[in-house]
């Protein structure tokens, strides 16, 4: 667009496919579609001279980014890093991603501490996983080491870890491994508990109780 020419909003048209969006024309040329939020925020009216169209375009881009992030969160909770990666994949600019993350944090839509706490509770109570497996999952989701360590320490006691491992082992001995000899049971059960994320001390204690 010619920078030396006055920029006049020649037409504002409500979009037929989406009543919450408006097509903005400047000097009879379509420039951008904007949400009703941006339309109201910038008080856009026909005949208005406009010298901050770049700001409006950026605001609209940020609004789209916010809406995309909120849509992701409507399906299930996500960590900050998961949102960032999804937005990068979608092609949003770093500035829009940062603005969106700031918005989500400000309004408590994302909170890595709360997210980690919820995940740890689910993985220990529903899936009976050990600390190592849970830590790996939290690392993959971009949770900081400090949050992971604090959450694990606060929510998983040695007693809970042992009881979860014992319960899984007892179930395996009554089903999958019930016809195996003791040596086979020992080896298979140890490997199974290790895959579930339990450490050597817990596994040894469980095997000693159930097999030796």
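The values are calculated or read from the model by the stated rules, or taken from the named source; none is laboratory data. What you see is a predicted model, and the numbers here were worked out from it, not measured in a lab. Cβ coordinates were reconstructed from backbone atoms using ideal geometry, including for glycine residues, and neighbour counts include every protein chain displayed.
Give the number of residues within the range 30-58 that are part of a strand (DSSP E or B) and surrounded by 11 or more Cβ atoms within 10 Å (Cβ to Cβ).
Total satisfying the criteria: 6.
Could you pull out the residue among 96, 36, 16, 23 that is under 30 Å from residue 141 (Cβ atoms) and not assigned by TED's automatic domain parsing to the domain that holds residue 142?
96
In this structure, does residue 43 turn out to be farther than 30 Å from residue 120 by Cβ, out of contact with any strand residue (DSSP E or B) (no Cβ under 8 Å at 6 or more places or on another chain) and at pLDDT 85 or above? Walk me through how you get there before you give the answer.
Numbers: farther than 30 Å from residue 120 by Cβ: yes; out of contact with any strand residue (DSSP E or B) (no Cβ under 8 Å at 6 or more places or on another chain): yes; at pLDDT 85 or above: yes.
Considered against the rule, which asks whether it is farther than 30 Å from residue 120 by Cβ, out of contact with any strand residue (DSSP E or B) (no Cβ under 8 Å at 6 or more places or on another chain) and at pLDDT 85 or above, residue 43 comes out as yes.
Got a number for residues in the range 171-197 being assigned to a loop (DSSP other than H, G, I, E, B) and on the phi < 0 side of the Ramachandran plot? If you could, list the steps in order and put the result at the bottom.
We begin by selecting, within the range 171-197, every residue assigned to a loop (DSSP other than H, G, I, E, B); these are 175-181, 196-197.
Cutting the leftovers down to on the phi < 0 side of the Ramachandran plot gives us 175-181, 196.
Of the residues in the range 171-197, 8 are assigned to a loop (DSSP other than H, G, I, E, B) and on the phi < 0 side of the Ramachandran plot.
Would the range 78-88 turn up any residue that is exposed (fewer than 13 other Cβ atoms within 10 Å of the Cβ) and either outside the structural domain of residue 141 (by TED's automatic domain parsing) or on the phi < 0 side of the Ramachandran plot (or both)? Steps first, please.
Within the range 78-88, the subset exposed (fewer than 13 other Cβ atoms within 10 Å of the Cβ) is 88.
Applying the additional criterion that residues be either outside the structural domain of residue 141 (by TED's automatic domain parsing) or on the phi < 0 side of the Ramachandran plot (or both) yields 88.
Yes.
Looking at 97, 110, can you tell me which residue is under 30 Å from residue 59 (Cα atoms), part of a loop (DSSP other than H, G, I, E, B) and modelled with pLDDT of 95 or more?
The unique qualifying residue is 110.
Would you pick out the residues in the range 117-135 that are loosely packed, with under 13 Cβ neighbours inside 10 Å and either assigned to a helix (DSSP H, G or I) or at pLDDT 95 or above (or both)?
Matches in the range 117-135: 122, 125.
With the requirement that a residue be under 26 Å from residue 146 (Cα atoms) and part of a helix (DSSP H, G or I), what does the range 73-94 give you?
Correct list: 73, 80, 81, 82, 83, 84, 85, 86, 87, 88, 94.
Would you check which residues across the range 63-77 are without any contact (Cβ under 8 Å) to a residue 40 or more places away in the chain and out of contact with any strand residue (DSSP E or B) (no Cβ under 6 Å at 6 or more places or on another chain) and list them?
Taking the range 63-77 as the starting set, the residues that turn out to be without any contact (Cβ under 8 Å) to a residue 40 or more places away in the chain are 63-68, 70-76.
If the condition is that a residue be without any contact (Cβ under 8 Å) to a residue 40 or more places away in the chain and out of contact with any strand residue (DSSP E or B) (no Cβ under 6 Å at 6 or more places or on another chain), then 64, 65, 66, 67, 68, 70, 71, 72, 73, 74, 75, 76 are the ones that fit.
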